[in-house]
Every structure is written in C-alpha cells, then in structure tokens.
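Undergrad: The structure's right below; bear with me while I get my questions together.
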Amino acid sequence: MTRGATFSFLFHALVVLLAFFGLPLMAKPPEPMLEKPILVDIVTIATVTNLPPPAPKVEPKPEPPKVVEPPPKPEPPKPELPKPEPPKVVEAPPPPPPPPPPPPPKVVEPKPEPPKPEPIKPEPPKPVEVKPEPAPKVAELKPEPPKPEPPKVEPPKPEPPKPVAKVEPPKPAPPKPEPPKPQVKKDDTFDRLLKDLATKKPATPEPAEAKKPEPPKPQQQAALPPTPNQSPPPRPMTEGQLTLSELDAIRGQIAQCWNVPAGARDARNLVVEVQVDMNQDATVRHAQVVDQARMMTDPFFRAAAESAMRAVLNPRCNPLRLPREKFDTWKSFILNFNPKEML
Amino acid sequence: MSVLPDRSRPWMPTRRDALLGLTVAPLLWSAARPAWGELRIDITRGKVEPMPIAIVPFSGAGEQAKFGSDISSVVSADLERSGLFRPLDPKSFIQSAEQIRLQPRFEDWKMINAQALVHGSVETQADGRLKVEFRLWDVIAGQQMTGLAYFTIPNNWRRVAHIIADAIYKRITGEDGYFDTRVVYIAESGPQNRRVKRLAIMDQDGANHRFLTDGRVLVLTPRFSPTAQEITYLSYFRDQPRVYLFNIDTGQQEVVGDFPGMTFAPRFSPDGKRVIMSLSDTGNSQIYTLDLRTRSVKRLTNHASINTSPCYSPDGNAICFNSDRSGGQQLYTMDAEGGGVKRISFGQGRYATPVWSPRGDLLAFTRLNAGSFSIGVMRPDGSGERILTESFLVEGPTWAPNGRVLMYFRQQPSDDQGRGGQVKLFSIDLTGFNEREIITPVDGSDPAWSPLIP
C-alpha cells in the first residue's frame, strides 16, 4: 500500500519535475526564432492597415474618424472608396495652379534638321518609306533645356479638357458636390467596349449598370495588397506611400486619356507596360514602353503600345494628380495598361 | 516571474507559429520584394472614342491643288467612316500647309487636340503621272509614323486616296485597312411583287457605282473571290437555281459544274481555286466542293438532313456550315475533308449564313429568334457569342478583308399594300458600335466585300 503510494508519489514528482525543467528547455530553443518572423509580420500588416485611414482622415464628411481605429480601416476601402476619392480630386486641383512650370513635357522646338527629308526619289513606282530620323531623337533629348515656351504649353493643359468635355465633365467637376454619381456615370461609359445586344436586353439595364461600380472595387482591392508593399519599407514612413484613393485618382485620370484598342485582334493579350519618369511638377519627363523588342516586331502590339504612350503623354493627363509631397514615391513608376477586364 | 511567461506559453502553438512564420515569411517577403523596386499602377479602364486626327488638305500647284483637296477629303471621309478617327475641322488648323512641309509645329496641333497629323502634296511628273506624297505624324510623341509616295495616272486619284487611308489606318491600329476595296451587292428596284434584281458593284464608300447584269434574270448571294476580281453567285438557268461565276473585268459569266439538281449557297475557298456550295436533288441538301481548274467534284457531307451555307476558314483547313441534323438549324464546323463534325451553336432559335472572319478569330452569322433577326459573332469553337445588331430583318453578313467591319442588309417591314419593305446596306464595327448605312442609288441586299484590290 505504502509502497504503491510511494511509487505513485515518486512517479508524479518525476513527472512534475520533468514538466518543470524539461518543457521550458524544450520550448526555449525555438523561442528566439519565434519572435522575429511574427514581429516583422505584424509590423508590415500594421502599415498595410494604416494605408486607408489617411483617406478617411482627409475626408470632411464621415463620422469623426478618430485617430487610428482599426475597424474603420477595413471598412472604408470597400464600400466607401468613392468618397476618399473626392478629397483627392479636390486636393489635386491646387497643384496645377501653383504652376511651378519648369520644363514642360517635351517642347520639340529645336530643329537640328527639319525632318522634311530630301524628297523621295521618283525611282520606284511603289510606296517609298521616308523616315526622318532626327525628329524623334531630338524630342527625347530636349526636355532638359527648358525653353521659353512653357507658358505656351501651360494654358492648353487646363483648357483642352473642356472641348472634350463630353465624356469627361463628370470627372473633374462633380466630385466635390456628389462624388458617387459621377463615379457611376464614368463606369457606364467604360462598361462594355464590346457591345452585345443579347445581354443588354434581358437584363434590366439600370440595376446592372448601377452595380457595375462594384466590380471595379474588388479589382482595386485586388490591387491593394501590392500597393502597400509598393511603398518601399526602406523609405521613411507610411507617408511616402500613395493611398488607395490617390492611386484611384491617377487611374481615373489616365483612363480618361487612354483610348483602348477594343476591336483589335487578341486585344485581351495586348498588355502594355510603360516605364514613366516624372518631373517634380507631376508632368511626365520621360516615358518608354518596356517591351521594346515586341514593339519592333508586332504591329498590333506597337499600335497598343502607342495608344498607351499617347495616354501617358496626353496634355490632358499632364500634370498627373499626384501628391507633390510624395515625389520620392512616384518620381519613377510603371504603368501597366491592361484592357483585359473591359473586353 | 520571468519564468512564468515562458511556461504559460505552450510550446505546441509556438512551434506551429514558428513553422507558420517560416513558411509565410518568405512568401510575404518575396511578394513584397519586387514591389520595393518601383511603384506600379495598373490601368484597367479606358475609353473608346475616335482618335482626333488633323488631315491638312494636300498641297499642290495650280491644277494639282484640286487633286490635293479631293484626295485629302476622301482620306478624311474613309477614316471618319471607320468610326476610329475623328477628322478635325480644317478651319481650326493653326499651321498652314506650307509651314508643315518644313516642320510641323506640334504645339499648334496639340492646342487643337489633334493626336495625329496628316499632310501631303501632289505633283505632276514629266510623264503626266501624279506623284502623291503624304506623311503621318504622332502629334503627342512628336514623331513621324510613316511617310509614303505613290505614282499614278490622274484618273486614279480616288484609289490613291483609299490606299493612303489604308496606310494611315494600318499604321495607327496595327491592322490592315479596308478602304481600297469594292462591294458587290444585289441592287433591287420595282414593286415588291415584281422585284428586279441586278448585280451591282461599287467602291467601298459607294463611289464608282455600276450595274453588272441587266436584271432579266434573278441573281442572288454574290460572293467575292478572295484572290481575283471574280464573283460567284446564284442565278436561274432554265428555272433551276445554279451557281455561276462572273469575271468583273471581262463581264463573262459561266455556270459552275453540271449537276442534276439545284446548286446554291456558293463561296470561294481562300485560295480561290475551289467553290464550295450546296447541292440538292432529293429534298435534303449536301455540301460539295468543285475544283475550278479540274472541274472535279467532291462530296463532303453525307447526312440525312439539310446541310448548307458552307464557308471556309481563312487557312482553308476547316469549314463551317449550318444543318438541322439536331432538329433546329444550328452551326457546325468540320475539317476540310468533311470529318470531325462538331456543333458550335447552342442558343435559342435558328442560326444561318455563317461566315468566317478573314482574320480567323470569329464567325459571323444570322440568327432568327422569337420573330426577329440579328447579326452576331462567335469564336470558331462557339464561345463568346455576341449580338451586334437586331431588327425586323437583318441578314447576310460579309466581312471587310481585315476582319474588323461587317456589312449586311436590313429590310423594313412592309404593310399589306406592299408599301415599305425598303432594303438597305449597312456596316457595323466588330465592337458593335458605329453602325452606318451605305448609300446606294437603289435598294440593296446581299452585299459581298472584296479583298483589298491588288
């Protein structure tokens, strides 16, 4: 009896001792490793979640957006995206006025050689290619020496939009009073580049259209994960990052300038990346299609690439609505023109 | 105290955490890594609107000035009709034609929102021919996109204008143009119960219209040869519908093959060496090909049902047709030898007159559903069906040689007194936008688009 009790006691003691000394020992080794990954993750996630708040903050209407509240963060991006945008737009206009017009995009004034090349020789009865080499090159190199021209270039920028206002007006003007509506309208026109009467008819068009705004959202959200990461951790702090609404503003602005090659063969596969270098006044200093090789060989791609380049260099899209104080973030970036979702 | 937290943390979860950390961290890191390099913005929306293009009247001295302005107005009209370009009003131009010849001042053109600029000149050569030269500039990039010169006899100025429009279209869109083409169609006149139907031909823009037949016999379904100025069509020979060939240059007509029954729904093969058509002698119809050189005939379908409206894929390896073998009239494809038959249309109603796009990516068809006709396109495997236009009666789609534009005819309903019932030709962009009427001197149906004129 007592022997059994002793055994039992000793055994239990042993177990307790083992538990006391053994477990911690076993647990300890992994510990140092634990904290590293976890902590790092938390930090990045924090910055991720921090992203949206700046937008609500700027926003005047919403409920008092108290400091840094986690709940509001996740929400605003989903349903309320449109709202964050208006402030952006409002914010954007100011920049243009303070015209720090150093070098305009590209003033192609100089004429080292009028590309008016020697008249084509009348030898061939067939078409003859005439190519004035100099012009293009000049155009690219010129930006540096700012010409006295700038004033001339500036005025058109604000004005041109008006003539083309048919499609656009909703964009710049309305955002202030009632942001959501212009948003919807814009989506309408972008909706379907390929018409299909069959789908249009049966579906009650209005609701369908009204809902359209939804899809873009997920899409923006899909874009979300990358964006936070994009603001480089090495850079100072979250302030350097572009907020979702800032990104949306740029997307919207460029969308107004991009004429999509809708009916082209395999248009879905004509995804064009353009490397853009910016001036401090948010005008494009230099832009180049990344895939130059394909540009040389594939006329369809070349056409698509040129349409993307026209969007980037379009006077209507210069300057871009970028927050000037975040120049470091956007002084150089890649625009990825992807018509897939529209076709 | 310091020990407690350790003990309170069970080791199992922590190890899992560690594992998690080990697997997830690299993922996150690798995902984040490329983004560090550069900001990247996806542009997934845009708009479709005609490109503003400035077409400066071509310069020329004396008599050539007339040619110059005529040519540039034809170019301008061609591009405008495509729906992809919006020629700007010459009154808004700031820089004069003479100044442009030295060097376009792109700022002036940006000012009026032009994205492309075309200018050119016309000169008469010593031998009396015209030399027409033009340049196309990308205004925004400030670069020349193309520059070409053509030589031609003065009477040919219209064709040169179309060729220039094609060159501009091709350079900007990447696709071949379709302006230097012609259209044959059935010109209809007279009351509904005694229609006179003549074969007629015109330029794609309606110019140079002329009749090819005199209307004494009924003609139907003309189709252009993809390689020559030749048409195949259906006419009546001893009250039997028969397939004919018509040579546009010589005006010569001939019956294709000598068959016991009636032949109809002819089309050329892509190489122009064969005609594919339906032959009916026993109530149902089968598909045959006829070699135009050897006159040898080959039967492709053998099914106790109606098989008709055959058409070749542009590579000549496949054939589309319609058949009622499954009950309703639906579209099918098969290989060029008649094997591998596959049904591709599954929608409501009846499908008819399939035509393979010259660029191979789509089939156009007529669909009859719930009492109304529509013209649509689908991929050759039957996916991606889209209806482009719908009406009381639309029928007979034909592709522009670049596979971008369709032409067809539309008939208005007529009342019981025989009023109404006008038939007109229309064209529409593949995207379903830019529907335009083709102006013809009389009513027109059954258009067939020619290939680019060689």
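Undergrad: Does B:LYS91 satisfy being away from chain A (no Cβ under 11 Å) and either touching a residue at least 40 places away in the same chain (Cβ under 8 Å) or more than 30 Å from A:GLY252 (Cα to Cα) (or both)?
TA: For B:LYS91, the condition - away from chain A (no Cβ under 11 Å) and either touching a residue at least 40 places away in the same chain (Cβ under 8 Å) or more than 30 Å from A:GLY252 (Cα to Cα) (or both) - is met.
Undergrad: While we're looking at this one, here's another question. Scan the range B:438-450 and tell me whether some residue there is surrounded by fewer than 18 Cβ atoms within 10 Å (Cβ to Cβ), within 12 Å of chain A (Cβ to nearest Cβ) and closer than 24 Å to B:PRO50 by Cα.
TA: No, every residue in the range B:438-450 fails to be surrounded by fewer than 18 Cβ atoms within 10 Å (Cβ to Cβ), within 12 Å of chain A (Cβ to nearest Cβ) and closer than 24 Å to B:PRO50 by Cα.
Undergrad: Need the failing condition index for B:THR227 against (1) of a type in the set (S, T, N, Q); (2) open to solvent by 40 Å² or more (accessible area, probe 1.4 Å); (3) more than 21 Å from B:TYR185 (Cα to Cα), just the number.
TA: (3)
Undergrad: If you go through the range B:380-401 one residue at a time, how many are closer than 17 Å to B:VAL184 by Cα and either within 13 Å of another protein chain (Cβ to nearest Cβ) or surrounded by fewer than 19 Cβ atoms within 10 Å (Cβ to Cβ) (or both)?
TA: Counting residues in the range B:380-401 that are closer than 17 Å to B:VAL184 by Cα and either within 13 Å of another protein chain (Cβ to nearest Cβ) or surrounded by fewer than 19 Cβ atoms within 10 Å (Cβ to Cβ) (or both) gives 2.
Undergrad: A follow-up question, please. Determine whether the range B:430-452 contains at least one residue that is aliphatic (A, V, I, L, M) and touching a helix residue (DSSP H, G or I) at 6+ places or on another chain (Cβ under 8 Å).
TA: Within the range B:430-452 (the criterion being aliphatic (A, V, I, L, M) and touching a helix residue (DSSP H, G or I) at 6+ places or on another chain (Cβ under 8 Å)), the answer is yes, since at least one residue qualifies.
Undergrad: In the range B:162-220, which residues are under 25 Å from B:ASP239 (Cα atoms) and among the acidic types (Asp, Glu)?
TA: The answer is B:GLU188, B:ASP214.
Undergrad: Can you tell me which residue among B:ARG210, B:ARG238 is surrounded by fewer than 19 Cβ atoms within 10 Å (Cβ to Cβ) and over 24 Å from the mean Cα position of the chain (by Cα)?
TA: B:ARG238
Undergrad: Out of all the residues in the range B:412-433, which are open to solvent by 40 Å² or more (accessible area, probe 1.4 Å) and either in contact (Cβ under 8 Å) with a residue 24 or more places away in the chain or within 14 Å of another protein chain (Cβ to nearest Cβ) (or both)?
TA: Those that are open to solvent by 40 Å² or more (accessible area, probe 1.4 Å) and either in contact (Cβ under 8 Å) with a residue 24 or more places away in the chain or within 14 Å of another protein chain (Cβ to nearest Cβ) (or both): B:SER414, B:PHE433.
Undergrad: Is the range B:363-379 home to any residue that is farther than 25 Å from B:GLY190 by Cα, touching a residue at least 24 places away in the same chain (Cβ under 8 Å), open to solvent by 20 Å² or more (accessible area, probe 1.4 Å) and under 21 Å from the mean Cα position of the chain (by Cα)?
TA: Within the range B:363-379 (the criterion being farther than 25 Å from B:GLY190 by Cα, touching a residue at least 24 places away in the same chain (Cβ under 8 Å), open to solvent by 20 Å² or more (accessible area, probe 1.4 Å) and under 21 Å from the mean Cα position of the chain (by Cα)), the answer is no, since none of the residues qualifies.
Undergrad: Here's something else I'd like to know. Please pick out the residue among B:THR173, B:THR221 that is within 30 Å of B:SER414 (Cβ to Cβ), in contact (Cβ under 8 Å) with a residue 12 or more places away in the chain, of a type in the set (Ser, Thr, Tyr) and surrounded by 18 or more Cβ atoms within 10 Å (Cβ to Cβ).
TA: None of the other options fit; the residue is B:THR221.
Undergrad: Confirm whether B:ALA61 is open to solvent by less than 50 Å² (accessible area, probe 1.4 Å), out of contact with any Cys (no Cβ under 6 Å at 6 or more places or on another chain), farther than 30 Å from A:GLN256 by Cβ and more than 8 Å from chain A (Cβ to nearest Cβ).
TA: Criteria not met by B:ALA61.
Undergrad: Return the residue satisfying two criteria in turn: it lies in the range B:139-175 and is part of a strand (DSSP E or B) and facing another protein chain (nearest Cβ under 7 Å), and of such residues it is farthest from B:SER73 (Cα to Cα).
TA: Top of the filtered list is B:GLN143.
Undergrad: Additional query: Mind listing whichever residues of the range A:263-301 are within 11 Å of chain B (Cβ to nearest Cβ) and over 27 Å from B:TYR169 (Cα atoms)?
TA: Of everything in the range A:263-301, those that are within 11 Å of chain B (Cβ to nearest Cβ) and over 27 Å from B:TYR169 (Cα atoms) turn out to be A:VAL276, A:ASP277, A:MET278, A:VAL284.
Undergrad: From B:SER305, B:SER374, B:SER323, B:SER309, which residue is closer than 25 Å to A:ALA264 by Cβ and hydroxyl-bearing (Ser, Thr, Tyr)?
TA: Only one candidate qualifies: B:SER374.
Undergrad: Tell me which residues, restricted to the range B:121-137, are open to solvent by less than 10 Å² (accessible area, probe 1.4 Å) and without any contact (Cβ under 8 Å) to a residue 40 or more places away in the chain.
TA: Across the range B:121-137, the qualifying residues are B:LEU136, B:TRP137.
Undergrad: For residues in the range A:297-343 being acidic (Asp, Glu) and surrounded by fewer than 20 Cβ atoms within 10 Å (Cβ to Cβ), which is farthest from the chain's Cα centre (by Cα)?
TA: That would be A:ASP298.
Undergrad: Does B:THR301 meet the test of being open to solvent by less than 20 Å² (accessible area, probe 1.4 Å) and polar (S, T, N, Q)?
TA: Judged against the criteria, B:THR301 is a match.
Undergrad: Also: Restricting the search to the range A:285-305, which residues are touching a helix residue (DSSP H, G or I) at 6+ places or on another chain (Cβ under 6 Å) and assigned to a strand (DSSP E or B)?
TA: A:ALA287, A:VAL289
Undergrad: Can we say B:ARG293 is among the basic types (Lys, Arg), in a loop (DSSP other than H, G, I, E, B) and open to solvent by 50 Å² or more (accessible area, probe 1.4 Å)?
TA: yes
Undergrad: I would also like to ask the following. Given (1) under 26 Å from B:GLN412 (Cα atoms); (2) part of a loop (DSSP other than H, G, I, E, B); (3) among the aromatic types (Phe, Trp, Tyr), where does B:PHE264 come up short, assuming only one miss?
TA: (2)
Undergrad: Still on this structure: Has the range A:237-250 got any residue that is at the interface with chain B (Cβ under 9 Å from one of its Cβ atoms) and surrounded by fewer than 20 Cβ atoms within 10 Å (Cβ to Cβ)?
TA: no
Undergrad: Does the range B:70-78 include one or more residues that are touching a Phe, Trp or Tyr at 6+ places or on another chain (Cβ under 7 Å), open to solvent by 30 Å² or more (accessible area, probe 1.4 Å), more than 30 Å from A:LYS331 (Cβ to Cβ) and modelled with pLDDT of 90 or more?
TA: The answer is yes; a qualifying residue exists.
Undergrad: Still on this structure, I have one more. Using the structure shown, decide if B:GLY340 is open to solvent by less than 40 Å² (accessible area, probe 1.4 Å), free of Cβ contacts under 8 Å to residues at least 12 places away in the same chain and over 30 Å from B:ALA167 (Cβ atoms).
TA: Judged against the criteria, B:GLY340 is not a match.
Undergrad: Sticking with this one: So B:ILE112 passes all but one of these: (1) more than 30 Å from B:VAL217 (Cα to Cα); (2) buried (at least 22 other Cβ atoms within 10 Å of the Cβ); (3) touching a strand residue (DSSP E or B) at 6+ places or on another chain (Cβ under 9 Å); (4) of a type outside the set (Ser, Thr, Tyr). Which condition number does it fail?
TA: Unmet condition: (2).
Undergrad: Now for a different question. Quick one: would you say B:ASP127 is in a loop (DSSP other than H, G, I, E, B), out of contact with any strand residue (DSSP E or B) (no Cβ under 8 Å at 6 or more places or on another chain) and over 30 Å from A:ALA267 (Cα atoms)?
TA: yes
The values are calculated or read from the model by the stated rules, or taken from the named source; none is laboratory data. This is a predicted model, so every value here is computed, not measured. Because the Cβ atoms are built from the backbone with ideal geometry, glycine has one as well, and the counts that use them run over all protein chains shown. Just so you know, the surface numbers come from the protein's heavy atoms only, side chains and all, with ligands and any DNA or RNA stripped out. Shrake-Rupley method; radii C 1.70, N 1.55, O 1.52, S 1.80 Å.
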